[in-house]
């Protein structure tokens, strides 16, 4: 769940940062509207990795719709040595 805090509270930025927990970003507001999000760096990196993965999966799904699919044997062909 997101915590809403007026941006003017950044004067006490330490108290704002203490409210940032994994899965709980802090949303700073201006004039009563959500304007900025503050979150822990680890959480941001995890979200970026998830977005990259989703983008790659989307590319793969799109490719599968336009190109012939490989059989399992074709996919593994050349990967296993002869010995």
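Just so you know, all these numbers are worked out from the coordinates, no wet-lab data involved. The shown structure was predicted, so the numbers you read here are calculated from the model rather than taken from an experiment. Cβ placement follows ideal geometry from the backbone for every residue including glycine, while neighbour counts extend to all protein chains displayed.
Would you mind calculating the relative contact order of the chain from Cα pairs under 8 angstrom and at least 6 residues apart, reporting the percent as a whole number?
Details: 65 pairs, mean separation 16.8, N = 83.
Relative contact order, the chain: 20 percent.
Considering the chain as a Gaussian network with a 10 Å cut-off on Cα pairs, which listed residue, 17, 57, 69, attains the greatest mean-square fluctuation?
Sorting by GNM fluctuation, first place goes to 69.
Want the number for residue 36 to residue 17: 0.36 nm per residue separation, take away the alpha-carbon distance, what's left? Please report the intermediate quantities before stating the final value.
Values: separation 19, 0.36 × 19 = 6.84 nm, distance 1.32 nm.
Contour length minus the Cα-Cα distance gives 5.5 nm.
Which one, 24, 71, 59, has the greatest fluctuation when you compute a Gaussian network model over the chain with C-alpha springs under 10 angstrom?
Greatest mean-square fluctuation among the candidates belongs to 71.
Give the label of the value calculated from the structure for percent of Cα pairs over 19 Å apart, choosing from [x] 67; [y] 54; [z] 61.
[z]
Of all DSSP beta bridges located in the chain, what percent are antiparallel, nearest 5?
Numbers: 6 of 10 bridges.
Looking only at bridges with both residues in the chain, the antiparallel portion is about 60 percent.
Measure off 7 Å from each Cα along the Cα-to-Cβ vector at residue 74 and residue 3, then give the distance between these two points in nanometres to one decimal.
Roughly 5.4 nm, to one decimal.
Which one of 49, 64, 73 has the biggest mean-square fluctuation once the chain is modelled by GNM with Cα springs under 10 Å?
73
So what's the angle, to the nearest 10 degrees on a 0 to 90 scale, between helix 41-66 and the longest Cα principal axis of the chain?
It works out to around 40 degrees.
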